[in-house]
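A.B. asks: My questions will all concern the structure given below.
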Amino acid sequence: MTKEIEMNVNWNCPIVPYESCAGIMLGTKVADLDKVLQKYKVVGTIDLFHFPGGPVLRKEENMEYISFLSTDARFGGAGQEDGIGIDDRSLTIKISNGVVLTVTVWLVDCYSDDIKKSSKFDAKNLDLSYQGRLPEGMRLGDRVDSFLPYTSMHYDSGDEWFYVDESYGGLIVGGQHALDLSESTDQIITMLRVIPD
């Protein structure tokens with residue numbers, strides 16, 4: 001049995017820069033990932049999945065992405081039939097050349113008006129969102145500036161993401177205001193993307 005087939009997806013797995021998120025290893029062949037994901041399919045459904053420690057999620061995919069979306073009725077985009085909404089994203093896997101290129105986790109409902117105005121979020125968002133942490137303890141819903149004791153961060157205004165320095169590496173961070181920390185110091189982490197070396 002290959003290492004990819006032995007992979008266990010879990011909503012509480014640690015985030016490992018350059019390597020994995022949610023237990024999904026970068027570089028995994030899509031065919032192997034598909035076999036692993038079948039273990040988590042909700043019996044009797046076509047597109048619902050339940051990873052240990054997490055909520056039931058709806059799977060959508062195309063040639064480039066496999067996305068898992070919140071099915072919670074509290075969010076207007078949940079259960080939509082016409083595509084991926086930005087408020088109900090939970091987990092996104094980018095595929096390139098038949099392998100997992102990146103794994104991204106999102107704070108569910110991270111673009112709600114309440115969060116944008118106050119930099120605070122209801123606990124429901126964190127309860128429905130990925131629970132894994134980085135080695136230093138940061139996770140979705142923490143402040144973006146909690147990275148600063150461990151790495152410098154460059155804000156790219158075109159991408160609207162924070163890039164950690166090369167010594168930390170393997171990670172892109174999203175904040176809810178789409179502004180540099182010098183302009184908005186109290187941003188919360190709304191997205192964490194594990195990227196290859």
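Nothing in this text is a laboratory measurement; each read-out follows from the coordinates by a stated rule. Bear in mind the structure is a predicted one, so any value in this text is a computation, not a measurement. Cβ placement follows ideal geometry from the backbone for every residue including glycine, while neighbour counts extend to all protein chains displayed.
A.B. asks: Can you give the FRET efficiency for Glu19 and Ser184, using 1/(1 + (r/R0)^6), R0 = 22 Å, r = Cβ-Cβ distance, to the nearest 0.05?
C.D. replies: The pair Glu19/Ser184 has a calculated efficiency of 0.15.
A.B. asks: Pull up all non-local amide H partners of Asp88: gap of 5 or more, or a different chain, and H-to-H distance under 5 Å with H placed in the peptide plane.
C.D. replies: Asp109
A.B. asks: Let me ask something additional. Which parts of region 135-156 would a label at Ser167 reach, counting a residue when its backbone N lies under 14 Å from a point 7 Å out along Cα-to-Cβ?
C.D. replies: Counting only backbone N, you get 148-153.
A.B. asks: What list of ³J(HN,Hα) couplings, whole Hz, do you get for region 155-168 from phi and the Karplus terms 6.51, -1.76, 1.60, once you set θ to phi - 60° and write x for glycine and proline?
C.D. replies: Once rounded to whole Hz, the list reads 8, 9, 5, x, 7, 6, 10, 9, 10, 6, 6, 5, 5, 8.
A.B. asks: Quick check: from the Cα gyration tensor, does region 119-197 come out rounded (a/c under 1.5), prolate or oblate?
C.D. replies: The shape class here is oblate.
A.B. asks: Please compute the modelled spin-label separation between His154 and Glu136, points set 7 Å along Cα→Cβ, answer in nm with one decimal.
C.D. replies: For the pair Glu136/His154, the computed spacing is 1.7 nm.
A.B. asks: Which ³J(HN,Hα) values, rounded to whole Hz and listed in residue order, are derived for region 34-49 from phi using the Karplus coefficients 6.51, -1.76 and 1.60 in 6.51 cos²θ - 1.76 cosθ + 1.60 with θ = phi - 60°, glycine and proline given as x?
C.D. replies: 4, 5, 5, 4, 4, 5, 10, 6, 6, 4, x, 10, 9, 10, 9, 9
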